[in-house]
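As structure tokens, the structure follows; a few thoughts come after it.
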Amino acid sequence: MIRARALSLLAAGALACACMPASALNEEEQRARIIYQADEATHVIDELDILYTDPVLDAYLQGIVDKLFPESGGKLVIRVFKATSFNAFAMSNGRLYIHTGTLLRLKDEAELASVLGHEGSHVYDDHIYRSVSSAKITMPILTVLGTALGAGALGQLAGVSSIMGMSRAHEREADIHGFQRLAKAGYDTSGATETFRRLLRELDALNIKQPMFFASHPAVSDRIANYMAMSKQAPPGGSRFSDEYLIQTASARVAALDGILREGNGKLLVHLLEREDLLTTLPPFCRFHLAEGFRLRNAEGDRDKALAAYRETLTAAPDYAPTYAALGKRLMHDGDKAGALPLLRKYLELEPDSVEKGFIELYITTLEKETAQ
Amino acid sequence: MTRILKLTAGATMLMLVGCMTWQPTKSQAIANNGGKYSIQLPAGWNVLTFGTQQMVTRYGMGMQQFVVGQTKNKGAFGFGKEKSDASPEMDPRDLCTKVVANMKIQPNHETLEITSVAPALLGGRAGFRAELTSKRTFQADGIRYKHLLYGVVTPNGLYTLHYEAPVLYYFDKDVAEVERSVSTFKLM
């Protein structure tokens, strides 16, 4: 709570900084200041080791941006943020950021292009300057702060809102122009609708109220309706490039999944891997994350589901070490000492330099003594 | 953990208003009756006691610090609706995961990563000893820190002993003194 308040104060500071004496500046000065702030934020982001650095992935994403905005000529630069939330955002200097968490949730290039088309349109439609000049903006700097400072309350809030973080008119405009670019680039335009449907399902599943910073914010459901209406008028067909997307983003998507696990968010793991059926788009060892999701969520029946998922992972990915440790510990706590021992031994065999080696060795020694008696 | 946040906020306020209550540490074990523990803190450092928490530093908070504290088991982890309890039955490895997850909520600790975790006896009870690294995210300088964290749960509460200092020069300089101090930790 205190942290949330502290972050709110910081955000308020950033907001004050972004909105302060706009009237005292002429347009040129105001634009220069906005660009300066964006460049500063870009510098902070670059310095903080919070980007997911993969030149091959960057090149792939940049290719999609360039396809959507062929006139860009290097104006728009895309980078990947190491963050688990469903988010992407644009800055006035043309930097676009997409979270690894967004890459995880999307299933093909058409869906990704719908997000990038939307964010790029904010830059091309001059929304950031227009929002600042009418003193309505909070998102770019607030989002950078919120995200850079972690996935706490503000981080989550800002995380969702920067996908829909400006006024109703600007968001709608970016939706329309992003959609037009999606169609023009030859993508299947239904990707845009599906992306927002997925966001809505997640908000519902996790019982997150749709963020409403301003009364004028469009609701996710309204935007789904808008995309559906636009899709009806768009030519049918278009490409989705599912295989290419899954290959290029595989490592980043697994990194996001690992991040959600480290955050201990079992509810989200189960929602994404089971309800959204992302397991089919991920390497076989990711069934382990589903098992951990059940363990962490700990709802009725989850213990058995976790056990089953661990065992399935052993079959699907027999060389994936964490499954042996997790299942071994689970069996040990359940009193199945004979079952736990070989699993823990196998874990150390596969992962001799594990950070928890000391504990595993202690468990093995204890189990050996107990089973010998 | 919320207590630590309150403590940090309180200490900052006190420093800002110039109302310092820092005391030099003594060369004998000091009992914290509220927290039901005693410890001999590194001699010659400065300590600020807030209830069951003791903040100790040689050079100044933020630069280098050692925080010893006890929190109630009820609602020890998480915040808001997501709060959960600590319990003496917890596996120390799981306890470490929970304590670190709680620490990651705090500013500047978002990038905490466990580099090793091992069983340890703390006040004669089975707990954990973990080494961690982090990078300051509040400023753009991104200074790298190293952490030493001990934890144990008893029916009286969750006890954590957390030393953190910059990797460069400071951590290694005082870690031996901290380890000596940890070895004097007793549960009452």
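Of all residues in the range B:66-96, those that are within 21 Å of residue B:185 (Cα to Cα) and either of a type in the set (S, T, N, Q) or exposed (fewer than 15 other Cβ atoms within 10 Å of the Cβ) (or both) total 6. Figure legend. Inter-residue proximity from the range B:110-123: first residues more than 19 Å from residue B:181 (Cα to Cα) and within 7 Å of chain A (Cβ to nearest Cβ), second residues of a type outside the set (D, E, K, R) and in a strand (DSSP E or B), beta-carbon distance below 7 Å, spacing 6+ or different chains. Indicated pairs: B:114/B:130; B:114/B:132; B:115/B:132; B:115/B:133; B:116/B:130; B:117/B:128; B:117/B:130.
Summed over the range B:113-123, the residues that are surrounded by 22 or more Cβ atoms within 10 Å (Cβ to Cβ) and within 30 Å of residue A:47 (Cα to Cα) give a count of 1. Looking across the range A:247-266, the residues that are surrounded by fewer than 17 Cβ atoms within 10 Å (Cβ to Cβ) and either touching a Leu at 6+ places or on another chain (Cβ under 7 Å) or more than 14 Å from chain B (Cβ to nearest Cβ) (or both) come down to A:247, A:250, A:251.
What are the pairs with Cβ atoms under 6 angstrom where one residue, in the range B:157-168, is over 12 Å from residue B:131 (Cα atoms) and the other, located anywhere, is in a strand (DSSP E or B) and among the acidic types (Asp, Glu)? Sequence gap at least six, or different chains. Matching pairs, first to second residue: none at all.
Taken over the range B:84-105, residues that are within 18 Å of residue A:259 (Cβ to Cβ), facing chain A (nearest Cβ under 9 Å) and either assigned to a strand (DSSP E or B) or not β-branched (Val, Ile, Thr) (or both) amount to 3.
Quick one: how many residues across the range B:54-75 are closer than 23 Å to residue B:108 by Cα, away from chain A (no Cβ under 14 Å) and assigned to a loop (DSSP other than H, G, I, E, B)?
The initial filter retains those residues of the range B:54-75 that are closer than 23 Å to residue B:108 by Cα, namely B:54-71, B:75.
Remaining after also requiring away from chain A (no Cβ under 14 Å): B:54-71.
Subset that is assigned to a loop (DSSP other than H, G, I, E, B): B:58-64.
Total meeting the criteria: 7.
In the range A:363-373, the qualifying residues are those that are surrounded by fewer than 17 Cβ atoms within 10 Å (Cβ to Cβ) and under 23 Å from residue B:120 (Cα atoms), and the one that is modelled with the lowest pLDDT is A:370. Checking each residue in the range A:288-301 for being of a type in the set (Asp, Glu) and in contact (Cβ under 8 Å) with a residue 12 or more places away in the chain picks out only A:292.
Residues that are surrounded by fewer than 20 Cβ atoms within 10 Å (Cβ to Cβ) and away from chain A (no Cβ under 13 Å) were ranked within the range B:124-147; the one that is farthest from residue B:100 (Cα to Cα) is B:124. Residues that are closer than 18 Å to residue B:42 by Cα, of a type outside the set (Asp, Glu) and surrounded by 14 or more Cβ atoms within 10 Å (Cβ to Cβ) within the range B:167-183 comprise B:170, B:171, B:175, B:178, B:181, B:182, listed in sequence order.
Confirm whether residue B:163 is hydroxyl-bearing (Ser, Thr, Tyr), surrounded by 14 or more Cβ atoms within 10 Å (Cβ to Cβ), in contact with a Phe, Trp or Tyr (Cβ under 6 Å, 6 or more places away or on another chain) and not in a loop (DSSP other than H, G, I, E, B). Can you show your working first?
Details: hydroxyl-bearing (Ser, Thr, Tyr): yes; surrounded by 14 or more Cβ atoms within 10 Å (Cβ to Cβ): yes; in contact with a Phe, Trp or Tyr (Cβ under 6 Å, 6 or more places away or on another chain): yes; not in a loop (DSSP other than H, G, I, E, B): yes.
Spelling it out, residue B:163 is indeed hydroxyl-bearing (Ser, Thr, Tyr), surrounded by 14 or more Cβ atoms within 10 Å (Cβ to Cβ), in contact with a Phe, Trp or Tyr (Cβ under 6 Å, 6 or more places away or on another chain) and not in a loop (DSSP other than H, G, I, E, B).
Residues in the range B:118-155 that are polar (S, T, N, Q) and either in a strand (DSSP E or B) or in contact with a strand residue (DSSP E or B) (Cβ under 7 Å, 6 or more places away or on another chain) (or both): 3 in all.
Let's see how each residue does on (1) among the β-branched types (Val, Ile, Thr); (2) outside the structural domain of residue A:198 (by TED's automatic domain parsing); (3) farther than 30 Å from residue A:204 by Cα; (4) surrounded by 19 or more Cβ atoms within 10 Å (Cβ to Cβ):
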| position | (1), (2), (3), (4) |
| --- | --- |
| A:300 | no, yes, no, no |
| A:313 | yes, yes, no, yes |
| A:328 | no, yes, yes, yes |
| A:344 | no, yes, yes, yes |
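Only one entry in B:51, B:35, B:10 is within 17 Å of the chain's Cα centre (by Cα), within 14 Å of another protein chain (Cβ to nearest Cβ) and modelled with pLDDT under 95, namely B:10.
Can you give me the ranges of the strands (runs of 3 or more DSSP E) entirely in the range A:16-108 with at least 1 residues that are in the same structural domain as residue A:179 (by TED's automatic domain parsing), under 18 Å from the mean Cα position of the chain (by Cα) and of a type in the set (Lys, Arg)? Don't jump to the end; show me each part of the working.
Working: elements: A:77-81, A:88-90, A:95-99.
Fully inside the range A:16-108 and qualifying: A:77-81, A:95-99.
The values are calculated or read from the model by the stated rules, or taken from the named source; none is laboratory data. Keep in mind it's a predicted model, so treat the numbers as computed, not measured. For neighbour counting, all protein chains shown are included, and Cβ atoms are generated from backbone atoms with ideal geometry for every residue, glycine included.
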